[in-house]
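Inspection log for the structure reproduced underneath, given as structure tokens.
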Amino acid sequence: LYTIKFECSSDVCDAMTHRVILAGATGETGRLVLDHLLKDTRVTKVTTLGRRESTVTNEKLEHKVVDFENLKGDDFVDHDVAISCLGTTRGKAGKEGFIKVDRDYVLSFAEQSKAAGVKQFHLQSSQGANKDAYFLYTQIKGQVDEKVLEMGFEKTVVYRPAVLLVKRQESRFGEKIAQAVASWTDSSRSWSIKIADVAVAMAATIFDTTPGGSIMDNHLIIAKAKEVAAAADEPPQQ
């Protein structure tokens, strides 16, 4: 992995600092995003929301055990950036469980963020997301993407990575097959991506100053990760 590095004068840094609230920090992408946020001196506060206690400790980290069906607005106060890495699969949670997590929980997190005055919202979605898609997974992702982009945050970024190359703690048979094929055939990363690249892109993009809503596809995510790696004088993962 590589670390986001940044140096600046104190007056400039004061204007560029962020206080981040993160949902999904125990997932494969979320835990890497959290690691980058905690190491970045421009991030002065990180609050993670989860259904269980966290083992991660850091002086600027606060973890809150929450019920995602009944989020409290007070937990969102005093943050200017929200990041969602929430997600499950139909195979793991069933159809209703998948819809609850990937649609209802994500939208509730976004709505509470907006109500509390959070300025930026960053959402991990998926390649192929389309509200009119035939497949449930991409259909739900597309529905959520559209609703979040319409919420009116000062800045909204939806990340749509392709097949994630990662060794998960849980087993996903179909994903393992896709990863194996991608590892052998997709050296250009046209339809796959290192999960570390997704995480570093999400953590770094909160400092981009372009307002409005945007979608970062697989190509743009990889490009952002390479940009960060070049700035850190470290090679990105291949």
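Rg over Rh for region 91-149 works out to 1.00, using Cα positions for both radii and the Kirkwood form for Rh.
The slack in the chain from Lys147 to Phe135, taken as 0.36 nm per residue of separation less the alpha-carbon distance, amounts to 2.5 nm. The amide H of Phe121, built 1.01 Å from its N in the peptide plane, has Ala82, Lys155, Thr156, Val157 as neighbours under 5 Å, considering only residues 5 or more places off or on other chains. In order along region 67-83, the Karplus-derived 3J(HN,Hα) couplings, from 6.51 cos²θ - 1.76 cosθ + 1.60 at θ = phi - 60°, round to 9, 5, 8, 8, 5, 9, x, 4, 5, 9, 5, 6, 10, 10, 10, 10, 10 Hz, and Gly and Pro are given as x. Note: relative contact order over region 30-85, using C-alpha pairs below 8 Å and six or more positions apart, is 28 percent.
When the alpha carbon gyration tensor of region 1-158 is reduced to an equivalent ellipsoid, its three semi-axes come out at 27, 17, 15 angstrom, largest first. Note that region 115-125 has calculated 3J(HN,Hα) couplings of 5, 8, x, 5, 8, 10, 10, 10, 10, 7, 10 Hz, one per residue in order, obtained from phi through the Karplus relation 6.51 cos²θ - 1.76 cosθ + 1.60 (θ = phi - 60°); glycine and proline are x. Remark: the Asp233-Leu107 segment gains 41.6 nm on full extension, using 0.36 nm per residue and subtracting the alpha carbon distance. Bridging of Lys60 to lysines at a Cα separation below 30 Å is possible for Lys5, Lys39, Lys45, Lys72, Lys114, Lys119, Lys155, Lys167, Lys194, Lys224, Lys226, once same-chain residues fewer than 8 apart are set aside.
None of the figures in this text is laboratory data; all of them are computed from the coordinates on show. The shown structure was predicted, so the numbers you read here are calculated from the model rather than taken from an experiment.
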